[in-house]
C-alpha cells in the first residue's frame, strides 16, 4: 500500500456502512456496467465517469490511494459526484445521449438532449502538475436546462462522512490526512456531508466545478481557471500523441489505446499501473476480484514495448530510472510488482463493508501475488530493456548493467517451478510460458553481447538458452497432439503458449508452432472467437487454485491475432481483430476480459494489457499486409 493510505492493513478490515443521507438521490441509482464508464486521469490518479454523469471511482492523490468516490463497488452511500440534468421528481438520473473524447485528448464530453434544451459536461483532470484536480465544465448548447450537482465524498473507500465547510463559492471537505476543495460559481449548500448545487444553464453559458486535493488543512489552493486548465490539458495530450509514428489504417484506434496507456503512467516516478481500479469482477458474482492499482513489471514491460514501437522513448527512460531505484542494487530481491513510489509491502486486505460491483465480493485492496515467484518477468523486462536500447543506443550504459544483473539472477532460478504469468494460487508448476520467457531473457542478453553493446559470460548464457529450448521442446510438447502444453507433463492448454510465435522461440513455419496455435483455437476459443486463458473448473478449484469461472482474456485474443499474422494467416487474423475492436466501448476502452454470452466487459478497467493487445495486433497486421504486398509485387515481376 502507499504511504498516502490511512487504512490499517494486514488483518481483514471491518466497518459499518455509513447511514444513507437524507438528501440521497431521489431514486437509488444503479451503477452502469463496467463499459458504461469513461476514463479520465492526470498520470497521478484517475477517475471513472458513468453515463449518467456520476464519478463512481476516484482516489487521491495517487492511483493506489483510498477512494473518496467508491459507488462503483457499492452504492450511492459510498460516495459519488454526479452532474447532469435535474430531471423530473422521482426520476432516475438520465444517461447521456452521446459521449466522446475531444480529438487527441483525455477530455470527456457527455451530451444530454432534454425536452428543454441540450447541455454538455466536459470532464478532465489537468496535467499541469501540482496538486491533483478534477474539472467539470457544464456547457449550454441550446435552450435552458435545469442542472444538478451532488458531490458526496466518502473517504476511506466509502466508510467515513467528512466534515464540510462552505464559504461563498468555495467549499471544502476534511479527509483526515488532507482536504478536498470545491470551487464553483453555482450556489452550493451542505447537508449530511454532501455538497449540492441546483442551477440552470442556457445556450453558450458555462458553469465550472473544480475539485482540488491538498495535503494538510491550512493552505487552500489558488482559485482555479477552469477554461485555462482545459486548454492546457488539451494541448498536453495533443502534443504528446502527435509524436506517434504509427500510420496504419486504424490510426484512431491505436492512438486512443496509446493515450490510455500513457494515462496509466505515474509521472512522479515513471511507474506504470496495470489498471486504475480494484476488484472489478472477472465473473459477475464471483470471487476473482483483484487490486490492479500497482505496478507489475510484466504489465509495465509490455506497455513500454508498445510505446517504444510507436516512437515513444521518454516513457521508457522514466520507467528504467524507476526500475533502477526499486532494484536498488539488489536484483536478487526483485518482486513481481511494486507501489507507484516503489513500495514493496502490498498486503492483501478485504473491505467487508463494500458489497462489490453487482454484489461481486470480496472487495480487495493490496495483492497477495506480490510474494510469488513468476519467472516470466525476467524475460519480459529484459526484452523491453533490449528494445529500448535498440530504439535509443544512448541508453546502452544504463540498460547493459541492468540486463547483466537480471540474467545473473535468472541463472539461479530458471529451473524452478513458479506461479507463472497468471499468478495461480494453486501449487507451483513448470509452466511452459515461464520457461519460454526465461529463454527470451538469455536470448536478448546474448544478442546484446554479440552486438558489442554489453559484456558478460556469453558462452554460458548461450548454453543455458539452448538448454532451455531443448527442455521446452522435450518436456513441454505433446507429440501425439502436435501441441505444446500449459506445463511439463500436463495435457492442458494455455493461451500464453502463443508467445512461442511472438517471441521468436519457434520459426513461423514450424509445424509444432502451427499445431499449438490450432489447438488453442480449438480448445480455448469461445463465442466470437475470443480466447480463454485456460479452462477453469467452475465450482471446484482448478490449476489456479480458485473456484468459479471467468470471461475471455482480451490480451489472449490479441496474441492470437498477432500469432496468426506472423504465420501468414492474415485474413483469419483480420476477422478476429474485428471482433476484438467491437468489444471496446463507445469511447474505445477495454477492461481485462469479455463475456461474449452477455456481451459485456469484465475485470478491472481500463486494463493496460487489453490496450497492449490492440496495439500489438494492429502492428502485426500492418507488417503482415506489407509483407503480402511485397510478395505479390515480386510475383508480378
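A short reminder: the numbers here are calculations on the coordinates, not readings from a lab. Everything quoted here is computed from the prediction, not taken from an experiment. Every residue, glycine as well, gets a Cβ built from its backbone with ideal geometry; the counts of neighbours run over all protein chains shown.
Numbers below:
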| quantity | calculated |
| --- | --- |
| Cα-projected label distance for residue 344 with residue 428, points at 7 Å along beta-carbon direction, nm | 1.8 |
| Extension gain (nm, one decimal) between residue 458 and residue 405, 0.36 nm per residue minus Cα-Cα | 17.7 nm |
| Anisotropy class of segment 125-247 from Cα gyration tensor, a/c 1.5 cut | oblate |
| Using alpha-carbon coordinates, inclination of helix 554-566 to the longest axis of the chain, degrees | 40 |
| Burial ordering of 469, 611, 330, fewest other beta-carbon atoms within 10 Å first | 330, 469, 611 |
| Packing-based ranking, highest mean first, of 75-85, 546-556, 310-320 given that Cβ atoms within 10 Å are counted | 75-85, 546-556, 310-320 |
| Segment 34-239 shape via C-alpha gyration tensor axes, a/c threshold 1.5 | rounded |
| Ranked list, fewest to most other Cβ atoms within 10 Å of each Cβ, for 265, 536 | 536, 265 |
| Förster radius 56 Å - calculated FRET efficiency between residue 142 and residue 571 (Cβ-Cβ, nearest 0.05) | 0.75 |
| Segment 41-56-segment 500-574 distance, computed between alpha-carbon centres (Å) | 33 |
| Within segment 171-190, backbone nitrogen closer than 19 Å to the virtual label 7 Å beyond the Cα of residue 268 toward Cβ | 175-181 |
| Length-normalised contact order for the chain - Cα pairs under 8 Å, 6+ apart - percent | 12 |
| Per residue convex hull volume, Cα atoms of the chain, in Å³ | 161 |
| Shape call, segment 206-358: gyration tensor on alpha carbons, a/c limit 1.5 | rounded |
| Segment 194-246 versus segment 423-460: alpha-carbon centroid distance in Å | 46 |
| Relative contact order %, segment 34-239, counting alpha carbon pairs below 8 Å whose residues are six or more apart | 19 |
| Cβ-Cβ FRET estimate between residue 247 and residue 627, R0 fixed at 25 Å, reported to 0.05 | 0.90 |
| Label-point separation, residue 215 to residue 170 (7 Å along Cα→Cβ), nm | 2.1 |
| Theoretical gain in end-to-end length, residue 359 to residue 238 [0.36 nm per residue, Cα-Cα removed] | 39.6 nm |
| Crossing angle, helix 314-327 versus the chain [Cα axis fit, 0-90 degrees, rounded to tens] | 80 |
| CD proxy at 222 nm, helix term only [per DSSP H run n ≥ 4: -39500 (n - 2.57); per residue of the chain; nearest 500] | -10500 deg cm²/dmol |
| Cα-Cα pairs of segment 488-637 separated by more than 28 Å (percent) | 22 |
| C-alpha long axis of helix 511-524 to longest principal axis of the chain, angle in ° | 40 |
| Pairwise FRET efficiency - residue 527 versus residue 325, Cβ, R0 = 60 Å, nearest 0.05 | 0.85 |
